[in-house]
Amino acid sequence: MPLFFFDLRDEDGALEQDDVGIDLPDFETAYLEAHRTAIDLWAESCRGGCSPGHARFEVRDVLGRVVLDLPFTEALNIRPSEVKSAGVSGLINDIVRQELTEAEALLDRGDKHIFEQTARVARLERKGYDATLARSILATFIETQSMHRRHRDQLKHFFRFAIWANGGQYL
């Protein structure tokens, strides 16, 4: 397996080199690992009251070539200008609110699909048709909706935690 080194460059330009590295199957896995770790480090910094701002991972291969330069802002899908203008608290607030809004809209669409599919199953059964496939699709919709509800609930929990961590104040 290829060996990848995850060097961390802070917002001041200082480089903390990874001397150990991680064996990963391929570049795509290294990218995903850098992405996940950047999000984790960002969250940890925010909990500590700091902003990682413009920190980045520079991922090297075994020959020392930088194969990936991943700004934390890219991993979080944030424009770098938003870090300066909104600050950490405002940025987290905006991200969580946007995610919650999207989750609620998705749940609304899912409820509509479930309602429509339930009516479709009932129509098929009234007409004497085999509704096995339609019931299977309905079960899939319901299970997917359940996953979306759990995601929404996790976002709400995070938002409540963020408010608590900020001394009860909205971010």
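Identify, from the list LEU41, LEU68, LEU76, the residue that is surrounded by 15 or more Cβ atoms within 10 Å (Cβ to Cβ), under 26 Å from GLU99 (Cβ atoms) and modelled with pLDDT of 90 or more. Break it down stepwise before answering.
Values: LEU41 fails: modelled with pLDDT of 90 or more; LEU76 fails: modelled with pLDDT of 90 or more.
After applying the criteria, what remains is LEU68.
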The stretch 13-28: number of residues that are surrounded by 15 or more Cβ atoms within 10 Å (Cβ to Cβ) and assigned to a helix (DSSP H, G or I)
0
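Quick check on this structure: which one of LEU138, LEU100, LEU106 is of a type outside the set (Ser, Thr, Tyr) and at pLDDT 90 or above?
Details: LEU100 fails: at pLDDT 90 or above; LEU106 fails: at pLDDT 90 or above.
The conditions single out LEU138.
The values are calculated or read from the model by the stated rules, or taken from the named source; none is laboratory data. Small disclaimer: the values here were computed from a predicted structure and weren't measured. Counting neighbours? That spans all protein chains shown, and the Cβs are built from the backbone with ideal geometry, glycine included.
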